[in-house]
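These notes are about the structure you will find just below.
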Amino acid sequence: MEKKYTIKYSIEFHTDWHCGSGLAAGADVDALVVKDEKGMPFIPGKTIKGLIREAAAEIRGLQCQSFDDDFYNTFGFFEKDKEEMKKGSMFFTNAELNKDEYDAIVSNNASRFMYRDIASTAIDNDGIAKEHSLRKMEVVVPCILYGTIHDVPEGMADEIVKSLGFIKRLGQNRNRGLGRCTITGRKEDVNENA
C-alpha cells in the first residue's frame, strides 16, 4: 500500500484578488467574489486543484516528462470509452483565513473591510470611454489563506509542493495585476500524526 501525505499550504496575496462567485449586485457591482455563509472570502478547493494540475503539467512539459498513470490517478481524468470522469485520489479543502483571524473579523462584524470595489471601462481609439462599458468588480484586500490537500500519494507529494510554488497569480484579471501571490506548502506524513 502506497504511503499517503497531507500537504498544508498558505497563499499570501500581495495585491487585491478576485475569485468569482458568478453573481452580481444589481446595478452596483458586476462581479462579486465567492463568500461563505458568514460573508467571508475563500478559494474553493476545486480552484486550487485546477491551478496545481495546470502548474504540474507545465513543469512536466518544461522538464520533458510524460504524463504517467500517477499524474492521471492523482488528479483524475476523463475515461473516453465509458464517457465519464474518474475522480482523482486527492481531496482539497477550501483555502480560508486562519481560525483566529476569521473569528475576530466575524465577531466584530468587520467582514465588509475585507472587500473593496474597483471600476474599469473600455476606451476607444480617440481615448474616450465607450458607452455602457463601465464595469465594477468586488475584490478582496491582500490577506493570507490556508488550505490542506489530503491523501496525496507518496510518488506525487514532492511534485505537488513544487507546483504550489510555481503558481504566482490566482483568480480573475490576474494578467492585469490582480491576484499576485506566493504559495508555499509542506508535506506531512499522515501516519506520524496518528
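Of these, 77, 67, which one is in contact with a strand residue (DSSP E or B) (Cβ under 6 Å, 6 or more places away or on another chain), at pLDDT below 85 and surrounded by 13 or more Cβ atoms within 10 Å (Cβ to Cβ)?
77
Residue by residue through segment 157-178, note down the ones that are modelled with pLDDT of 90 or more and open to solvent by less than 90 Å² (accessible area, probe 1.4 Å).
Hits for segment 157-178 are 157, 159, 160, 161, 163, 164, 165, 166, 167.
Does residue 112 satisfy being outside any loop (DSSP other than H, G, I, E, B) and either surrounded by fewer than 13 Cβ atoms within 10 Å (Cβ to Cβ) or modelled with pLDDT of 95 or more (or both)?
yes
The values are calculated or read from the model by the stated rules, or taken from the named source; none is laboratory data. A quick note: this is a predicted structure, and the numbers were derived from the prediction, not measured. Ideal geometry is used to build each Cβ from the backbone, glycine not excepted, and the neighbour counts take in all protein chains shown. Note: accessible area is taken over every heavy atom of the protein model, side chains too, but ligands, DNA and RNA are not part of it. Shrake-Rupley method; radii C 1.70, N 1.55, O 1.52, S 1.80 Å.
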